[in-house]
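The values are calculated or read from the model by the stated rules, or taken from the named source; none is laboratory data. Computed from a predicted model, the values in this text were never measured in an experiment. Here the Cβ is made from the backbone with ideal geometry for all residues, glycine too, and neighbour counts use every protein chain on show.
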Amino acid sequence: MSAQPSVRAFDVGSTTLRPANHAVDAEGLKHALRALGGGVSIITAGEGDTRTGATVTSATGLSIEPPRMIVTLNRSSSTFPVVERYGHFCVNVVGQDHETLANQFAGRDGLKGAERYRGAEWIRLVSGAPVLEAAVAAIDCEVEEVIERHSHAIVLGRVVGIRFGDGASLVYRGGRYYAVGG
């Protein structure tokens, strides 16, 4: 266990700083991030037997003008090299009927690669990335830039297609899914 840095409380105007109550390490950060609910998306990439994907809460808009998305992917995942190879990805915003699919793409049942696509209908839009036909929304992207930092890559995508569906989107917080909206 790493040593706690020495922190002392002192008055800064009306705010009193307090010592941190957890070590700054991977477990501490994971615990803190579990308190932060995040929208659930399935990132898909590839073609045929090389298709793969991952369930993430790290997909977000970078800008509206021009339309750009950001997704962070673990560089050691099976998804990152496929995104790099094909230069595309789709952010499939999943709904309350997609918990099983989200778990498949999270690797919870041991499925890998193209096997993760079982049990759902898939189409393609502009980039060629697989798009979940029943997604609440799908944002089709071509890779614009990849920034590798530490264990992850920040993938910037140029939005080339958008498709809307129906339903309430999922949020993941504290190890559980919650439906939001409707």
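Among the residues of segment 121-161, those identified as in contact (Cβ under 8 Å) with a residue 12 or more places away in the chain, part of a loop (DSSP other than H, G, I, E, B) and surrounded by fewer than 17 Cβ atoms within 10 Å (Cβ to Cβ) are Glu121, Val126, Glu133, Ser151. The residue pairs whose first member lies in segment 163-182 and is part of a strand (DSSP E or B), whose second member is among the acidic types (Asp, Glu), and whose beta carbons are closer than 9 Å, counting only pairs six or more residues apart or on different chains, are Arg163/Glu133; Arg163/Asp140; Leu170/Glu99; Tyr177/Glu99. Comparison of Val71, Val82, Val56, Val93 shows that the only residue that is hydrophobic (A, V, I, L, M, F, W, C), touching a strand residue (DSSP E or B) at 6+ places or on another chain (Cβ under 8 Å) and farther than 25 Å from His150 by Cβ is Val93. Residue count for segment 18-44 satisfying the condition of being in a helix (DSSP H, G or I) and not small (Gly, Ala, Ser): 6. Just checking, does segment 99-120 include any residue being in a loop (DSSP other than H, G, I, E, B), among the small types (Gly, Ala, Ser) and farther than 16 Å from Ser77 by Cα? Yes, the conditions are met somewhere in segment 99-120.
The residue list Glu84, Glu65, Glu99 contains one member that is acidic (Asp, Glu), modelled with pLDDT of 95 or more and surrounded by fewer than 11 Cβ atoms within 10 Å (Cβ to Cβ), which is Glu65. For segment 76-99, the set of residues classified as over 21 Å from Leu156 (Cα atoms) and over 16 Å from the mean Cα position of the chain (by Cα) consists of Gln96, Asp97, listed by residue number.
For Gly107, the conditions (1) touching a residue at least 60 places away in the same chain (Cβ under 8 Å); (2) touching a helix residue (DSSP H, G or I) at 6+ places or on another chain (Cβ under 9 Å) all hold with the exception of (1). Of all residues in segment 18-37, none are within 21 Å of Ala129 (Cα to Cα) and either surrounded by fewer than 23 Cβ atoms within 10 Å (Cβ to Cβ) or of a type in the set (A, V, I, L, M) (or both).
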